[in-house]
1. Filter region 184-200 down to residues that are in contact with a strand residue (DSSP E or B) (Cβ under 8 Å, 6 or more places away or on another chain) and away from the ligand (no atom under 13 Å from the Cβ), then give me how many there are.
2. Scan region 94-103 and give yes if some residue there is away from the ligand (no atom under 16 Å from the Cβ), under 25 Å from residue 225 (Cα atoms) and part of a loop (DSSP other than H, G, I, E, B), otherwise no.
3. Restricting to region 119-156, what's the tally of residues that are more than 18 Å from residue 61 (Cα to Cα), part of a helix (DSSP H, G or I) and in contact (Cβ under 8 Å) with a residue 60 or more places away in the chain?
4. Looking at region 1-56, which of the residues that are small (Gly, Ala, Ser) and away from the ligand (no atom under 13 Å from the Cβ) is nearest to residue 104 (Cα to Cα)?
5. Tell me whether region 183-196 contains one or more residues that are more than 23 Å from residue 18 (Cα to Cα), charged (D, E, K, R) and in a loop (DSSP other than H, G, I, E, B).
6. Of the conditions (1) at pLDDT 95 or above; (2) within 19 Å of residue 56 (Cα to Cα); (3) not in a helix (DSSP H, G or I), residue 159 satisfies every one except a single condition; which number is it?
7. Which one of these is under 15 Å from the mean Cα position of the chain (by Cα) and in the same structural domain as residue 219 (by TED's automatic domain parsing): 126, 111, 199, 165?
8. Please go through region 8-52 and give me each residue that is of a type in the set (Asp, Glu) and surrounded by 15 or more Cβ atoms within 10 Å (Cβ to Cβ), ordered by number.
Amino acid sequence: MKKHIFFDLDRTLWDFETNSHETLLEICEKYNLTNLGINNYADFIKKYKDINEKLWDLYRDNKITQKDLRRDRFQQTLSQYQITDFQLSEKIGEDYIDICPRKTKLFPYTIEVLDYLQSKYQLHIITNGFHKTQHIKLEHSNLTPYFHQIITSEKVGVKKPNPKIFEFSLSKVNASVEESVYIGDDLEVDVLGCQNCGIDGVYFNPKKIEHQENPKYEISCLSDLKGLF
Ligand SMILES: [Mg+2]
């Protein structure tokens, strides 16, 4: 019988895409990037996202540090516009970290589903984000009270899909694999990651992306969880 439900945070409960997009637009306007030759903010944001994704992959594989990631993603984006003002990219990088986690857009039904699940299960978070940042997101979106344990890769020292973070989480809350389920939006990192440890995975797939894998459960809306648990 299931007793523990573990959630991913970014792109599963907290709407990373919307929150990040809003932040980047604010930053473009704050620094008046048009004056620096960036006329199309949508194009700037797209460039940033591509660069950020590549750097995140390197960070996930421990090839660069958190500090490198935070600095380089804006430095590299600005340099595509021949802007090499390192102080500016540093400042923008700091602003992004400051503003984005305070955004509060969640996926539809997040609160409703957490309200329903918390009366039946112990709920926890396992996230690859930075410890401080993830706590700010949870606080500002009023999610903190729902979760017994909030486990971040930064504190554990390894990132999903490394089995160690799932094993650490189970022992932290004194749960067996049979009693546990993990819900996340990343098929490889979240779902295959937990299933490799014997934990049932729920693939949150709002865009209904086609795939060849075998998640134990698959949902396209968080409200589907009410029918499963
Ligand atoms: Mg995620």
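The values are calculated or read from the model by the stated rules, or taken from the named source; none is laboratory data. As the structure is a prediction and not an experimental result, all values here were calculated from the model. When we count neighbours, we look across all protein chains shown, and the Cβ atoms used for this are built from the backbone with ideal geometry, even at glycine.
1. Result for region 184-200: 4.
2. Taking region 94-103 as the starting set, the residues that turn out to be away from the ligand (no atom under 16 Å from the Cβ) are 94-99, 102.
Add one more test, that the residue is under 25 Å from residue 225 (Cα atoms), and what stays is none.
So far as region 94-103 goes, no, none of its residues is away from the ligand (no atom under 16 Å from the Cβ), under 25 Å from residue 225 (Cα atoms) and part of a loop (DSSP other than H, G, I, E, B).
3. Going through region 119-156 one residue at a time, the tally reaches 3.
4. Residues of region 1-56 small (Gly, Ala, Ser): 20, 37, 42.
Filter again for away from the ligand (no atom under 13 Å from the Cβ), leaving 37, 42.
Values: 37: 31, 42: 21 Å.
Taking the candidates together, the pick is 42.
5. Within region 183-196 (the criterion being more than 23 Å from residue 18 (Cα to Cα), charged (D, E, K, R) and in a loop (DSSP other than H, G, I, E, B)), the answer is no, since none of the residues qualifies.
6. Tallying (1) at pLDDT 95 or above; (2) within 19 Å of residue 56 (Cα to Cα); (3) not in a helix (DSSP H, G or I), residue 159 fails exactly one: (1).
7. Working: 111 fails: under 15 Å from the mean Cα position of the chain (by Cα); 199 fails: under 15 Å from the mean Cα position of the chain (by Cα); 165 fails: under 15 Å from the mean Cα position of the chain (by Cα).
Answer to the selection: 126.
8. Residues of region 8-52 that are of a type in the set (Asp, Glu), as a first pass: 8, 10, 15, 17, 22, 26, 29, 43, 50.
Listed by number, the residues that qualify are 8, 10, 15, 22, 26.
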